[in-house]
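Asker: Below you will find the structure I want to go over with you.
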Amino acid sequence: MEQFEVWAKYQENFDKIGKSADNVIIVEDFLDESDRIKIVDYLNTHREDPEFSGGKDLRDSQVIRENPEIYGFMKKYESEIYKIATEHFTNKYGIELEQKPWNSLHFVKWSPDMASGLHSDCQHPNGDPLWKGNYYKLNISALIYPNDDYEGGHITFPPYDIDIKPKAGTLVIFPSNNYYAHEVTRVDSGIRYTMPMWLTFKMGFSGPMVQYNHGDSKGLWRNIGEDDSDLRSY
């Protein structure tokens, strides 16, 4: 199957979902408070770790070695996110999702001065799919915010005039395409932790596959062939 045929199937699903602001789903108190405190305590053990910053994230393989309880929380909340996404996107729009995350729940640290420009997670600004790193398969974005003791670092959706400074324990879910372009404002002070995860559409076929490299995320801000040497890759 040619690339344009592959993407056309993904675009059909995004068109079914449409452009409603109601598809930016905010669930406060998603994390159990006792779980949230333990997660933040664990993350704070890596607070000064230069190898944990931006795209240098904490993944399953490291967490399960260091703290199996926290790893258990990650798997628990992956299942809960899938339930919410299924309730909204499958039951409402008939969009089937793979139960296993395409990009599983992990931890990201945002230090002061870090920000994220306006982008979507699976398309270039001009609408072309982002084949690099298989980002085109990032179809439903989910973000958990375990802490809120920082300034700045809002997630905003300019097309809908949505500006969110999530309180600790909040989950935000939204479609990952250009209809839901979003940005993260500059972190002014403190440390902003996030727990992102992405679900993918159940398509019944395998599209082009490319080895993942976090540096490919620079493509989210540029179109194919455009210079991205000025963009920071964490």
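The values are calculated or read from the model by the stated rules, or taken from the named source; none is laboratory data. These numbers come from a predicted model, not from an experiment. All Cβ positions, glycine included, derive from the backbone under ideal geometry; neighbour counts span all protein chains shown. Each accessible area value is taken on the protein alone, full model and side chains, heavy atoms only, with ligands, DNA and RNA left out. Shrake-Rupley method; radii C 1.70, N 1.55, O 1.52, S 1.80 Å.
Asker: Can you work out the Karplus-derived ³J(HN,Hα) for every residue in the stretch 78-94? Use 6.51 cos²θ - 1.76 cosθ + 1.60 with θ = phi - 60°, whole Hz, and x for glycine or proline.
Answerer: Result, ordered by residue: 4, 5, 5, 5, 4, 4, 5, 5, 5, 4, 7, 7, 7, 5, 8, 10, x Hz.
Asker: If the viscosity is 0.692 mPa s and the temperature 37 °C, what translational diffusion coefficient in µm²/s does Stokes-Einstein give for the stretch 97-211 when Rh comes from Kirkwood over Cα pairs?
Answerer: Calculated translational D: 221 µm²/s.
Asker: Rounded to the nearest 20 debye, what is the charge dipole size of the chain about its Cα centre when +1 sits on each Lys and Arg Cβ and -1 on each Asp and Glu Cβ?
Answerer: Rounded to the nearest 20 debye, it is 440 debye.
Asker: As I understand it, the dipole of the chain uses +1 on the Cβ of Lys and Arg and -1 on the Cβ of Asp and Glu, about the Cα centre. Which of Leu118, Asn147, Pro101 lies farthest toward its positive end?
Answerer: Result: Pro101, furthest along the dipole toward the positive end.
Asker: So, R0 is 45 Å and r is the distance between the beta-carbons of Asp32 and Lys202; what FRET efficiency does that work out to, to 0.05?
Answerer: Once the sixth-power term is evaluated, E becomes 0.95.
Asker: Dipole size in debye (nearest 20) for the stretch 96-216 around its Cα centre, Lys and Arg Cβ +1, Asp and Glu Cβ -1?
Answerer: Approximately 360 debye in magnitude.
Asker: If I build a Gaussian network model for the chain, linking alpha-carbon pairs within less than 10 angstrom, which residue out of Ala181, Ala21, Ala168 has the largest mean-square fluctuation?
Answerer: Ala21
Asker: What lysines sit close enough to Lys167 to cross-link, taking a C-alpha to C-alpha distance under 18 Å and skipping anything fewer than 8 places away on the same chain?
Answerer: Excluding near neighbours in sequence, the set is Lys38, Lys109.
Asker: Can I ask one more? Averaging sequence separations of C-alpha pairs under 8 Å and six or more residues apart, then dividing by the length of the chain, give the relative contact order as a whole percent.
Answerer: 28 percent
Asker: Taking the alpha-carbon set of the chain, what are its Rg and Dmax in Å?
Answerer: Using the Cα atoms of the chain, the pair Rg, Dmax is 17.0, 48 Å.
Asker: May I ask which residue of Gly72, Tyr42, Ser53 lies farthest towards the positive end of the charge dipole of the stretch 1-121, with charges of +1 (Lys, Arg) and -1 (Asp, Glu) on Cβ and the Cα centre as origin?
Answerer: Looking along the dipole axis, the top candidate is Gly72.
Asker: Here is a follow-up. First check a/c for the stretch 1-66, with a ≥ b ≥ c the square roots of the eigenvalues of its C-alpha gyration tensor; if it is under 1.5, answer rounded, and if not, answer prolate when a/b is larger than b/c or oblate otherwise.
Answerer: Since a/c reaches 1.5 but b/c is at least a/b, the shape of the stretch 1-66 is classed as oblate.
Asker: Can you tell me the accessible area per residue over the chain, all protein chains present, probe 1.4 angstrom, in square angstrom?
Answerer: With the other protein chains kept in place, the chain gives 46 Å² per residue.
Asker: Classify the stretch 62-117: rounded, prolate or oblate, from the alpha-carbon gyration tensor (a ≥ b ≥ c, eigenvalue square roots; a/c under 1.5 rounded; otherwise prolate if a/b is larger than b/c)?
Answerer: In terms of gyration-tensor shape, oblate.
Asker: A further question on this structure: Taking amide H positions as placed 1.01 Å from N in the peptide plane, with prolines and chain starts having none, which residues 5 or more places from Ser189, or on another chain, fall under 5 Å of its amide H?
Answerer: Sorted by chain and number, the residues that satisfy this are Glu151.
Asker: First check a/c for the stretch 125-183, with a ≥ b ≥ c the square roots of the eigenvalues of its C-alpha gyration tensor; if it is under 1.5, answer rounded, and if not, answer prolate when a/b is larger than b/c or oblate otherwise.
Answerer: Verdict is prolate for the stretch 125-183.
Asker: Can you tell me which of 97-107, 61-71 comes out highest on packing, and rank the rest after it, using the mean Cβ neighbours within 10 Å?
Answerer: Descending mean neighbour count gives 97-107, 61-71.
Asker: Could you please state, rounded to a whole Å, how far the C-alpha centre of the stretch 1-70 is from the C-alpha centre of the stretch 153-210?
Answerer: What the calculation gives is 8 Å, centre to centre.
Asker: Would you list which lysines come within 16 Å of Lys132, measuring only between C-alpha atoms, while excluding same-chain residues fewer than 8 positions from it?
Answerer: Leaving aside lysines fewer than 8 places away in the same chain, those within reach of Lys132 are Lys218.
Asker: Could you pull out every residue, at least 5 positions away or on a different chain, whose amide H is within less than 5 Å of the one on Gly169? Hs are placed 1.01 Å off N in the peptide plane, and Pro or chain starts have none.
Answerer: Sorted by chain and number, the residues that satisfy this are Tyr145, Asn147.
Asker: What is the set of long-range amide H partners of Arg222 at a cut-off below 5 Å, with H atoms built 1.01 Å from backbone N?
Answerer: Residues meeting the amide H criterion: none.
Asker: With all protein chains present, how much of the accessible area of the chain (probe radius 1.4 Å) comes from carbon and sulfur, to the nearest whole percent?
Answerer: Ligands and nucleic acids excluded, carbon and sulfur reach 48 percent.
Asker: Can you list the HN-Hα couplings for the stretch 36-47, worked out from phi with the Karplus curve (6.51, -1.76, 1.60; θ = phi - 60°), rounded to whole Hz and with x for Gly and Pro?
Answerer: With the stated coefficients, the stretch 36-47 comes to 4, 4, 5, 5, 5, 4, 4, 4, 5, 5, 10, 4 Hz.
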